[in-house]
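Peer 1: Before I ask anything, let me first share the structure, which is written out below as structure tokens.
The values are calculated or read from the model by the stated rules, or taken from the named source; none is laboratory data. Quick caveat, the model's predicted, so the values are computed rather than measured. Here the Cβ positions follow ideal geometry from the backbone for every residue, glycine too, while neighbour counts run over all protein chains shown.
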Amino acid sequence: MTRILITGSNGLLGQKLVYALLKRTDVQLIATSVGVNRLIKQDGYVYESLDITNKSEVEAIFKKHQPDVIINTAAMTNVDACETKREECWAINVTAVQNIVDVIQNPFPSERGRGEVSCHLIHLSTDFVFDGEKGTEYVETDIPNPQSYYALSKFESEKVLQNSKINWAIARTIIVYGIVDNMSRSNIVLWAKDALTKGQNINVVDDQFRSPTLAEDLADGCILIADKKAKGIYHLSGPKTMSILELVYKVADYWKLDKSLITPSKSNNLNQAAKRPPRTGFDISIAKKELGYAPHSFEEGLKILDSQL
């Protein structure tokens, strides 16, 4: 049995990981998040409240459960909030990652008859580590150049792993969409669908380009990294890069909503606190070749969302 511990299990990716791993008979699952467990299904795994910014909590939970794999999905991801709440952003996105690495790097005796515990850390990162000026899809070896405090914090968290002696993998991703239990969190797809369904006018940028990623696909990619004990950086996203405007038009088309409610806009008209890279998008050929990663098209992703709704 492989013991897999997930941080941020109440989040979109965290929930998808829990539900995917619950189908496995070869995995013992420990789900952790701050506060109470917000998943509808609460049996078949262990849940622990864990604040990863508190190193003593991290140490206690890891010693108790001695995971073989940790998938760190916990993060502060609101880009504009990170710009204005920098201490909070740094604590969650960088210091907390250092806490996890420190605890793994100082192994404790295993109660499972294997000597010391060795652990594989899979850490989630973002396309925003790049400046978006390349003009084509980014590969894993491209040099990051973060343009916002959020992006800087995620790049610094990557360096924490790279400078460590542990077994690590970094999974970078782009605009994750999907449905969480009780619809407790939104994302760009649900936001656009909801606004257009209500007949609201929305402004949507036409000068930012991304590869939207179905949360189930990202979860599968993380699990493939765990199963293959893969190390290094992997780009895990949807297969096609499109403008945010095209993305929202596709949402409108799928649910047959009124596209005249959508007004194209430029990024500099939005008065956002944080700068966004104009064009990211990933070359995912390494993940396909080395991991067997096979993401759905955006249209297929919308169909999966629709069935869940």
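Peer 1: Taking into account only those residues within the stretch 247-300 that are under 23 Å from Val205 (Cβ atoms) and of a type in the set (Ser, Thr, Tyr), which is surrounded by the fewest Cβ atoms within 10 Å (Cβ to Cβ)?
Peer 2: Taking the candidates together, the pick is Ser260.
For (1) under 18 Å from the mean Cα position of the chain (by Cα); (2) under 21 Å from Ser184 (Cα atoms), each residue gets a yes or a no:
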| position | (1), (2) |
| --- | --- |
| Asn37 | no, yes |
| Ile40 | no, yes |
| Glu57 | no, no |
| Thr77 | yes, yes |
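Peer 1: For the stretch 11-40, give me each residue that is in a loop (DSSP other than H, G, I, E, B) and in contact (Cβ under 8 Å) with a residue 60 or more places away in the chain.
Peer 2: Of everything in the stretch 11-40, those that are in a loop (DSSP other than H, G, I, E, B) and in contact (Cβ under 8 Å) with a residue 60 or more places away in the chain turn out to be Gly11, Arg38, Leu39, Ile40.
Peer 1: Next question. Within the stretch 56-102, can you find the residues that are out of contact with any Lys or Arg (no Cβ under 8 Å at 6 or more places or on another chain) and of a type in the set (Gly, Ala, Ser)?
Peer 2: Matches in the stretch 56-102: Ser56, Ala60, Ala74, Ala81, Ala91, Ala96.
Peer 1: Within the stretch 237-244, does at least one residue satisfy the condition of being crowded, with 19+ Cβ neighbours inside 10 Å, over 22 Å from Leu305 (Cα atoms), within 20 Å of the chain's Cα centre (by Cα) and at pLDDT 95 or above?
Peer 2: Checking the stretch 237-244: not a single residue is crowded, with 19+ Cβ neighbours inside 10 Å, over 22 Å from Leu305 (Cα atoms), within 20 Å of the chain's Cα centre (by Cα) and at pLDDT 95 or above.
Peer 1: Right, next: Just need a number here: residues in the stretch 129-142 that are hydrophobic (A, V, I, L, M, F, W, C) and more than 21 Å from Val97 (Cα to Cα).
Peer 2: Residues that pass the stated criteria total 1.
Peer 1: Take Tyr177 and tell me if it is buried (at least 17 other Cβ atoms within 10 Å of the Cβ), in contact with a Cys (Cβ under 7 Å, 6 or more places away or on another chain), closer than 22 Å to Gln272 by Cα and of a type in the set (Ser, Thr, Tyr).
Peer 2: no
Peer 1: Restricting attention to the stretch 71-118, and to residues there that are part of a loop (DSSP other than H, G, I, E, B) and at pLDDT 95 or above, which single residue is surrounded by the most Cβ atoms within 10 Å (Cβ to Cβ)?
Peer 2: Restricting to residues being part of a loop (DSSP other than H, G, I, E, B) and at pLDDT 95 or above, the top hit is Ala74.
Peer 1: Of (1) closer than 25 Å to Asn145 by Cα; (2) of a type in the set (S, T, N, Q); (3) more than 23 Å from the chain's Cα centre (by Cα), Gln272 satisfies all except one. Which?
Peer 2: It is condition (3) that Gln272 fails.
Residue-by-condition table, conditions (1) more than 30 Å from Ile223 (Cα to Cα); (2) at pLDDT below 95; (3) in contact with a strand residue (DSSP E or B) (Cβ under 8 Å, 6 or more places away or on another chain); (4) not β-branched (Val, Ile, Thr):
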| site | (1), (2), (3), (4) |
| --- | --- |
| Val251 | no, no, no, no |
| Ala273 | yes, yes, no, yes |
| Pro295 | no, no, yes, yes |
| Ile304 | no, no, yes, no |
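Peer 1: Also, quick follow-up: Among the residues of the stretch 45-52, is any at pLDDT 95 or above and over 21 Å from Ala96 (Cα atoms)?
Peer 2: Within the stretch 45-52 (the criterion being at pLDDT 95 or above and over 21 Å from Ala96 (Cα atoms)), the answer is yes, since at least one residue qualifies.
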